[in-house]
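Worksheet: the structure to be examined is printed underneath.
No lab work stands behind these numbers, since they all come straight from the coordinates. Note that this is a predicted model, so its numbers are computed, not measured. Here the Cβ positions follow ideal geometry from the backbone for every residue, glycine too, while neighbour counts run over all protein chains shown.
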Amino acid sequence: MIEPFEERQVRDGVISYGVSSYGYDVRVADEFKIFTNVFNTVVDPKGFDPKSFVDYKGSVCVIPPNSFALARSVEYLRVPRNTMTICVGKSTYARCGIITNVTPLEPEWEGHITIEISNTTPLPAKIYANEGIAQVVFFEAEEACAESYKDRAGKYQSQRGITLPKI
């Protein structure tokens, strides 16, 4: 269901990741798309211009003040048909004004999680690659859903890497 899987919570000297009390703390990979207004494009979810981002790869990503970056989880997830998940940011980042946003992972969705990381502060913010970024909480239903994300051939099914908006 989760690859690679860390069966315990890793905490020493890092922002924690791995199994938690009722979920799993995913790590952020070392590739980022940092939002930029260099090309003065309009942000349009129906016609997203990839020039709105600068690609960056490294162990630490600095997000400019009042800006955001897209990233992806290190882990590749496969959600069972009878399970729904929500993903929430880690408190270590939230307490620094760094907000993580991920939409729910529906039954039978699979892929790397594309993560939006918002820096709500007036200062640059550091994000540490290969450390915890968000917690996935799992909700198991008493019965499998009638129609899964896979059944609907969802547009973000089996995504690998950072995936930009699609219509």
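The residues of region 90-148 that are buried (at least 19 other Cβ atoms within 10 Å of the Cβ), part of a strand (DSSP E or B) and among the aliphatic types (A, V, I, L, M), listed by number, are 98, 105, 113, 115, 117, 125, 127, 133, 134, 136.
Of everything in region 80-89 that is under 19 Å from residue 154 (Cα atoms) and surrounded by fewer than 17 Cβ atoms within 10 Å (Cβ to Cβ), the residue that is nearest to the chain's Cα centre (by Cα) is 86.
Scanning region 115-161 for residues that are under 17 Å from residue 104 (Cβ atoms) and of a type in the set (Asp, Glu) turns up 116, 140, 147, 151.
Residues of region 36-52 include none that is in a strand (DSSP E or B), under 25 Å from residue 124 (Cα atoms) and in contact (Cβ under 8 Å) with a residue 12 or more places away in the chain. Checked against the criterion of being of a type outside the set (A, V, I, L, M, F, W, C), touching a residue at least 12 places away in the same chain (Cβ under 8 Å) and in contact with a His (Cβ under 6 Å, 6 or more places away or on another chain), the candidates 73, 158 yield just one match: 73.
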